Each structure stands twice: as C-alpha cells, then as structure tokens.
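Visitor: What follows is a structure written as structure tokens; I'll ask about it next.
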Amino acid sequence: MLTQNLGYPRIGSQRQLKKACEQFWAGKLELRDLKEVARKIKEDNWQTQLDAGIDLIPCNDFSFYDHVLDTSLMLGVIPQRYQPVLSQVKTNNEVDLYFAMARGYQKNGLDITAMEMTKWLDTNYHYIVPEFTAKQQFTLFNENVIGEYVNAHKIVGDKAKPVLVGPVSYLLLGKEKEAGFERIDLIKKLVPVYIEIINRLKKQGAEWIQLDEPCLALDLTKKEQEAFEWAYRAIANRVSGVKLLVATYFEAVLDNTALAVNLPVAALHIDLVRAPEQLDDVLALIPDNLVLSLGIVDGRNVWKNDYEASLNLINKAVEKLSSNRVIIAPSCSLLHSPIDLDLETNIDPEIKNWMAFARQKLHEVVDLKHIAQGDLSRLEANKIAIAGRRTSQKVHRQEVQNRVAAITDTDATRDADFSTRQQLQRDRFNLPLFPTTTIGSFPQTDDIRLLRARLKKGELSLKEYEEQIEKATIEVIRWQEEIDLDVLVHGEFERNDMVEYFGEQLDGFLFTKNGWVQSYGSRCVKPPVIYGDVSRPNDMTVRWTKFAAEQTKKQMKGMLTGPVTILQWSFVRNDQPRELTTNQIALAIRDEVLALEKAGVGIIQIDEAAIREGLPLRKAKRAAYLTWAVNAFRLTAGGVQNQTQIHTHMCYSEFNDIIEHIAAMDADVITIETSRSQMELLQAFAHFKYPNEIGPGVYDIHSPRVPSTEEMSALLTKAAELLPAQHLWVNPDCGLKTRKWPETKSALVNMVAAAKQAREVL
Ligand code: GLN
Ligand code: ZN
C-alpha cells in the first residue's frame with residue numbers, strides 16, 4: 001500500500017511567496033531573490049512530505065501565481081496581445097510575460113489587459129482562464145516542469161511525482177476567444193505536447209506522473225467523454241514505462257464512472273470525502289490492474305480525520321483490490337488547506353485537538369496506511385479526539401438545536417406579499433423615482449486600517465478608537481447628504497471584513513493566526529472556523545447603525561452579511577449538514593435584523609455575495625442547495641414588519657440559471673453587478689418578469705476609472721427598457737472599500753446626476 005499527496009500549499013508558512021512577489025512587482029526585489037524564496041519554499045515542502053513518510057510526493061505543484069497559467073505557458077498558449085511584451089523585453093522576458101498574462105502590463109508604452117480569472121471549480125481559489133483561438137497551436141514553450149522534477153528528485157529521490165493539469169480539463173476549463181470552433185476539438189493538437197512532456201519526464205526517471213482531471217467529476221457531454229477516451233488512448237499508445245495517475249476531486253464521478261475506471265492509465269484517484277458513496281460504484285466497475293487512490297483525508301477543511309470511518313472505506317477497497325492496488329491520499333491538493341496547525345498558539349487546546357492543517361494531514365495519510373496494515377496503536381488518540389468532539393458542550397448546544405428544529409415556513413415568510421409591502425414602504429420612505437444608494441462600505445483608507453491595528457496592539461484605547469471611527473462615519477454621512485444620495489450607509493469603517501466582523505461576535509466561531517489559504521496570485525484569505533452551534537450573544541451592529549442613523553434625517557440603511565455568505569467564506573463543520581449550520585447562522589442574523597428594526601432602522605441590507613458560489617458542481621444537485629440557501633435568507637428577513645424594507649446584494653450578474661430562486665428570496669430590493677456587462681445580464685430578470693425592486697450596478701467599482709454621467713445614464717436607459725422604471729434603484733456594483741476617495745467621490749457625484757437625469761426623462 002502506498003501513500004501519496006496531490007499538491008502542497010505554495011505560499012509558505014509565513015506567506016513568504018506573497019511578500020516576495022509583491023516586492024518583486026514593486027521593483028523592490030530582484031528576480032533571483034524571488035526565485036530563491038520559491039526554491040526555499042519548494043524544498044521545505046518536499047522535505048516536510050518526505051519526513052512525514054509520503055511515498056509519492058508532488059512536484060511542479062508550485063507556482064508563482066497560478067498552476068493553470070503555468071500550464072498555458074508550458075503549452076505555449078499565449079494570447080496574441082502579449083506578443084509585444086515578448087519582443088520588447090530582453091531580460092527576464094519569460095517572467096515578465098508570465099506576470100503580464102496574470103496581471104496585465106502597463107510599461108514601456110504598452111497597455112495590455114490581464115487574462116481573465118475565475119474560480120477553480122467550487123473552491124475559493126481562482127485560476128487564470130486559458131484563451132483559445134480556432135487555429136490554436138500547442139508547443140512545449142516552457143520546460144519548467146522538467147527542472148521541477150530534477151530539483152525535487154535531489155531531495156526526495158524517486159518519490160518525486162510531477163503533477164500536470166490533465167489535457168481534457170485544461171481545455172474544458174479554458175475559453176474560446178473567437179467564434180467558429182469548440183475548444184474540446186483542440187484535443188488532437190494538444191495531446192502530442194503532453195506525450196512529449198510525459199516522455200521527457202520519463203527519460204529523467206519519473207516513475208509516476210499525476211494528471212489532474214477534475215472535469216471527470218462534472219457533467220460531461222458525449223463529445224467530452226469521447227475526448228477523455230481518445231486523449232488517454234493516444235497517450236497510452238505513445239508512452240510506456242511510466243505510471244500515469246488520473247486525479248479527480250470535488251465530486252463523484254457518477255455517470256463518468258465507467259469512463260474513468262477504463263482509462264488506460266495505471267491509477268485513478270477519487271474523492272471519498274466529498275463523495276464516499278462513490279467507492280462502491282467504482283469498485284463495482286474497476287478493471288483488474290487499475291490502482292485506486294482513495295482521497296480520504298479532507299483537503300478542503302480543517303478537521304482531524306476520523307480514522308475509524310476512514311478505515312472502513314480503506315478495508316472495503318483492500319478487500320476487493322488487495323493492498324498493493326490501494327493508495328491512501330488526501331481528497332484533493334492541500335493547496336486549499338492552511339499550512340500548519342502547530343503555528344496556532346491561541347486556539348482553545350480542546351478544539352485544536354480536533355483540527356488538522358496541511359502538515360498534519362500528511363501524517364494522517366501515513367497513519368491511515370499503518371493502521372490499515374494492522375498498527376492499531378495509531379488509532380487510540382484519534383478515537384479520543386473524535387469522541388470528544390462528538391459530545392463536547394463547546395460544539396453542541398441544546399437551545400440552538402431546539403430553535404433550529406422549531407423553524408416553520410411562517411418564520412421564513414413576510415406577512416404581506418411584495419406589492420402590498422412596496423406600497424407601505426413607498427408611503428413610509430417617500431423616496432424619489434430611481435432612488436440612489438451605495439452597497440455599504442466606503443474606502444478603507446490606510447488611516448482607518450491603522451486605527452484597528454493600533455487598537456489591537458493596545459496603542460489606542462477602545463474609547464479613542466471609537467471616537468475616530470465615529471468621526472469617519474459622521475464625515476461620510478455629511479458627504480453623502482451633500483451629494484444628495486437618497487439612502488445613506490454608515491460606511492462600515494468599524495469592520496475588518498464582512499464575514500470576520502460577524503464571526504468575531506457570534507458563538508461557535510474561532511479565528512486562526514496563520515490559517516492563510518491562497519485565493520489568487522499573491523492574495524490569501526484567512527477564513528474563520530465554525531466549530532460549534534452558532535448563536536448571537538449580543539447585538540452586533542446596532543450600536544454603529546444607530547449612531548449613524550442619529551446623524552441624519554435621511555434613511556440610514558443597516559448592513560448585515562447573510563448566512564450563506566458567512567458559511568461559504570468560512571471553514572465549516574463536517575459533523576452536520578451545511579444546511580443546518582446555515583440555519584443556525586440565519587437565526588442569529590434574523591435576531592440582528594429584528595434588533596435593528598426595533599432600534600428604528602427602516603431599511604436593512606443582508607448581503608448574500610456568495611450564494612452563487614455555493615452551487616454544487618453537478619446540475620442535478622443545484623435545486624436542492626438553492627432551496628435551503630434561499631430559505632436561510634428568507635429566515636433572516638421573514639420576521640420584520642411590512643414597512644421595513646429588506647435589501648440584498650450579490651456581487652455577480654449571472655442569474656440565468658438561478659433566477660427563480662433569486663426571486664424566491666423575496667428581498668424588497670436586490671442590488672447586483674451589471675455595469676461591466678452593459679446591463680446585458682439584466683435580461684434574466686426581464687425574461688422572468690422579476691417582480692421586486694432592483695438596483696443594477698451602474699458603476700464598476702473594481703477599477704479606479706470614473707464613469708461619466710452620460711455613461712451611467714445610458715446604462716439606466718437600458719435598464720429601464722428591460723424593467724419597470726418604478727422598480728429601479730441606482731447604485732454602484734459593490735462596496736467601495738477597496739477604492740480611493742477621489743475616484744469614489746467623482747463617480748458617486750456623477751451617479752447621482754445620472755439618477756436625476758433619469759427622473760426627468762424616463
Ligand atoms: N456591504 C458590503 C460592502 O459594501 C458588501 C461587499 C460585497 O458584497 N462583497 O463592502
Ligand atoms: Zn458585492
């Protein structure tokens with residue numbers, strides 16, 4: 001029985017890579033020093049995995065920015081617009097080209113946009129989307145992978161296993177950049193380069209090569225399934241003497257099971273954390289000789305593995321296949337895990353004993369192998385930890401569970417239907433047509449961030465800190481009045497982050513010091529950990545919202561984060577369904593909504609930025625998810641009076657496939673991102689005849705660019721062609737916290753002018 005790992009975090013335990021990259025981009029670090037930081041991280045990672053006792057250790061899993069971008073460079077998939085970078089830059093040109101593709105290029109008289117970025121399947125990791133043309137050529141443009149293998153071999157010897165994004169998933173996760181062809185048809189041109197790479201690696205001595213094919217766990221068309229068959233047959237025909245391992249993860253292979261197990265490769269990896277039930281299906285169809293890698297240690301969460309439960313699965317596989325055809329592994333690359341639990345010194349030791357980060361997970365993989373081979377001594381401590389968590393009062397709180405069990409449909413339903421509420425709210429608020437508002441946050445300047453840092457360090461008393469935040473809040477309110485916005489916000493200056501701020505005030509959450517996970521490029525996030533039943537011991541936002549409301553005669557909108565977004569951006573419990581955890585959070589937010597209402601706040605926004613990203617990868621599972629996700633939102637809002645206006649906000653605009661569920665949320669007002677798509681994506685709402693009010697963003701806050709009044713007027717005109725003018729609000733795409741003040745001010749002044757024009761002419 002072998003053990004393997006599929007990939008290890010590459011940011012470094014102190015986020016060294018982030019810091020080095022950012023310094024390099026700022027021109028403050030030499031390329032060779034950046035490479036030196038990378039070398040150190042890689043060598044540490046290999047050594048760590050070797051020391052843990054892993055048999056097949058990944059290499060080429062490192063990346064300066066993104067491994068899909070590395071793959072594009074490897075294969076020479078370089079969009080035409082970067083040619084000038086290649087020809088202009090003499091020194092460093094490959095790294096300049098690489099970062100130009102990742103981040104755009106504005107130097108030497110050139111101005112070239114970055115490549116698009118999107119979520120890696122259902123994770124919060126973002127990859128750079130390959131761009132294909134009809135005449136796309138593939139060549140071995142960058143040979144880094146060979147060097148990575150050679151370097152890894154120096155440290156871990158024959159255990160080094162190069163990792164590649166598999167050819168079919170590489171195509172499927174990319175995008176056609178012109179009409180007239182389907183990218184999957186490029187497979188015939190692509191595979192020869194893979195054959196070349198595999199043969200080169202074999203020549204260097206590689207025994208195993210891992211090909212990540214996560215798309216094998218997605219809904220595939222017939223043609224895509226055939227591409228898998230064809231590609232791996234073609235590779236098998238031209239490659240021998242090296243073992244190929246195809247890795248799937250994040251979902252079950254389901255209807256692709258026969259396809260997956262019959263690929264002509266040495267081994268298949270399946271995710272038994274997400275989909276333990278697929279083991280039976282795979283074992284039923286597995287042909288003789290195929291080795292099965294059991295992805296049994298959760299690569300996406302922070303909890304200790306339950307060895308006894310894992311052992312059941314391992315034993316089942318061993319019984320059918322015998323142990324020499326079984327590999328023990330994490331469910332997916334550990335890229336999605338924080339690095340090292342040992343660095344956490346502030347976590348309650350009882351809870352810490354239930355957790356495992358990437359480094360600990362390596363030991364779990366190795367433990368499981370030994371236990372499966374009869375060394376039961378490694379089982380005991382784990383049993384105690386798992387049993388402790390199962391019964392701990394820190395996790396299980398009867399009163400929270402009783403409350404969730406008692407939720408009724410009535411709790412999740414407003415008293416009156418929308419049109420009745422709309423009339424009552426119009427009478428109450430008396431807003432003009434095309435009312436203007438913002439999404440919540442205003443620029444979080446260095447000054448504001450510094451205040452929080454100084455409070456944390458004890459350099460500022462709470463009183464001094466609050467006085468400064470009050471000052472900033474008053475200023476932003478005065479300014480909003482000055483430019484004549486209709487519904488004001490308090491600016492969110494007191495919040496570090498829209499999830500963390502709430503997590504810190506809710507029971508059942510904990511925060512790590514170093515639990516960083518790469519989100520994209522040098523960006524890392526440190527998600528809160530939900531470990532126990534969630535409840536709300538005190539008011540969370542009432543103090544600041546009330547303070548703000550008292551500063552003005554205009555309507556002050558209260559700002560909350562919704563339950564699905566809090567869930568989605570945290571590490572969650574794996575001992576109960578996500579739905580249940582979400583409902584617990586929903587009840588806490590509901591109480592906050594009611595507390596705000598009681599304090600006199602008439603308009604309350606509950607942000608659900610992340611509902612869409614929680615969508616299951618398989619279409620068949622989406623409706624069930626959306627039903628409980630929407631219900632959790634309705635629960636937060638369902639208790640208020642008809643005259644209280646509930647807003648929600650979502651930072652994206654693709655609603656086509658989920659519009660009926662969005663409508664079912666029944667928010668009085670929804671604000672969405674639409675400016676970059678020129679309102680095109682508003683059509684989903686139009687076709688559906690979306691009944692409630694809606695604020696399609698007219699100003700792209702992701703860029704410092706100031707849109708003109710004319711531009712925003714034009715967008716409003718378009719919106720009014722698609723939806724009833726009486727239902728439209730005027731607002732930016734999202735919160736303004738990442739913007740600077742000058743552009744924010746100019747843009748909002750123009751936005752208010754555009755709304756006033758619309759009132760005249762539309
Ligand atoms: N209210 C939040 C803000 O304005 C919403 C942010 C978001 O949707 N990501 O910052
Ligand atoms: Zn947003």
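Visitor: Quick one: is T671 surrounded by 19 or more Cβ atoms within 10 Å (Cβ to Cβ), in contact with a strand residue (DSSP E or B) (Cβ under 6 Å, 6 or more places away or on another chain), assigned to a helix (DSSP H, G or I) and at pLDDT 95 or above?
Guide: Details: surrounded by 19 or more Cβ atoms within 10 Å (Cβ to Cβ): yes; in contact with a strand residue (DSSP E or B) (Cβ under 6 Å, 6 or more places away or on another chain): yes; assigned to a helix (DSSP H, G or I): no; at pLDDT 95 or above: yes.
Judged against the criteria, T671 is not a match.
Condition check ((1) surrounded by fewer than 19 Cβ atoms within 10 Å (Cβ to Cβ); (2) in a helix (DSSP H, G or I)) across all residues:
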position	(1), (2)
A329	no, no
D342	yes, yes
V365	no, yes
K383	yes, yes
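Yes/no per residue for (1) away from ligand 2 (no atom under 16 Å from the Cβ); (2) of a type in the set (A, V, I, L, M); (3) in a strand (DSSP E or B):
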residue	(1), (2), (3)
I604	yes, yes, yes
K621	yes, no, no
Y625	yes, no, no
V630	yes, yes, no
Q643	yes, no, no
A667	no, yes, no
F685	yes, no, no
G695	no, no, yes
Y699	no, no, no
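Visitor: State the number of residues belonging to the stretch 598-627 that are over 22 Å from Y249 (Cα atoms), surrounded by fewer than 19 Cβ atoms within 10 Å (Cβ to Cβ) and in contact (Cβ under 8 Å) with a residue 40 or more places away in the chain.
Guide: Adding up the residues that qualify gives 2.
Visitor: Filter the stretch 712-729 for residues that are hydrophobic (A, V, I, L, M, F, W, C) and either within 16 Å of ligand 2 (Cβ to nearest atom) or part of a loop (DSSP other than H, G, I, E, B) (or both) and give the result. Full working, then the answer.
Guide: First pass over the stretch 712-729, keeping only residues hydrophobic (A, V, I, L, M, F, W, C): 712, 714-716, 719-720, 722-723, 725, 728-729.
Passing the criteria: L723, W729.
Visitor: Being under 26 Å from the mean Cα position of the chain (by Cα) and aliphatic (A, V, I, L, M) is the filter; apply it to the stretch 532-557 and report the residue that is nearest to E466 (Cα to Cα).
Guide: M540
Visitor: Continuing with the same structure: Which residue pairs have Cβ atoms under 6 Å apart, sit 6 or more places apart or on different chains, and have a first residue in the stretch 66-88 that is in contact (Cβ under 8 Å) with a residue 40 or more places away in the chain and a second that is surrounded by fewer than 18 Cβ atoms within 10 Å (Cβ to Cβ)?
Guide: G76/T139; G76/F141
Visitor: Note down all Cβ pairs under 6 Å where the first residue falls in the stretch 724-736 and is touching a residue at least 12 places away in the same chain (Cβ under 8 Å), the second is small (G, A, S) and more than 9 Å from ligand 2 (Cβ to nearest atom), and they're at least six residues apart or on different chains.
Guide: Partner pairs satisfying both residue conditions: L728/A719; W729/G695; V730/A755; N731/G695; D733/S675; G735/S441; L736/S441.
Visitor: So G532 passes all but one of these: (1) more than 16 Å from ligand 1 (Cβ to nearest atom); (2) within 19 Å of N124 (Cα to Cα). Which condition number does it fail?
Guide: Here G532 clears every test but (2).
Visitor: List every residue pair whose Cβ atoms lie under 8 Å apart, where the two residues are 6 or more positions apart in sequence or sit on different chains, the first residue falls within the stretch 224-247 and is without any contact (Cβ under 8 Å) to a residue 60 or more places away in the chain and under 16 Å from L290 (Cα atoms), and the second residue, located anywhere, is surrounded by 18 or more Cβ atoms within 10 Å (Cβ to Cβ) and of a type in the set (F, W, Y).
Guide: Matching pairs, first to second residue: V242/W208; K243/W208; L244/W208; L244/Y232.
Visitor: Being outside any strand (DSSP E or B), of a type in the set (D, E, K, R) and surrounded by fewer than 22 Cβ atoms within 10 Å (Cβ to Cβ) is the filter here; which residues of the stretch 230-253 pass it? Break it down into steps so the answer makes sense when it comes.
Guide: Filtering the stretch 230-253 for residues outside any strand (DSSP E or B) gives 230-242, 248-253.
Checking which are of a type in the set (D, E, K, R) leaves us with 233, 238, 251.
Passing the criteria: R233, R238.
Quick grid of which residues meet (1) more than 16 Å from ligand 2 (Cβ to nearest atom); (2) in a loop (DSSP other than H, G, I, E, B); (3) surrounded by 13 or more Cβ atoms within 10 Å (Cβ to Cβ); (4) modelled with pLDDT of 95 or more:
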site: L431; (1), (2), (3), (4): yes, yes, yes, yes
site: F434; (1), (2), (3), (4): yes, yes, yes, yes
site: T438; (1), (2), (3), (4): no, yes, yes, yes
site: D447; (1), (2), (3), (4): yes, no, no, yes
site: L460; (1), (2), (3), (4): yes, yes, yes, yes
site: K463; (1), (2), (3), (4): yes, no, no, yes
site: E466; (1), (2), (3), (4): yes, no, yes, yes
site: E470; (1), (2), (3), (4): yes, no, yes, yes
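The values are calculated or read from the model by the stated rules, or taken from the named source; none is laboratory data. Quick caveat: nothing in here was measured; it's all calculated off a predicted structure. Counting neighbours? That spans all protein chains shown, and the Cβs are built from the backbone with ideal geometry, glycine included.
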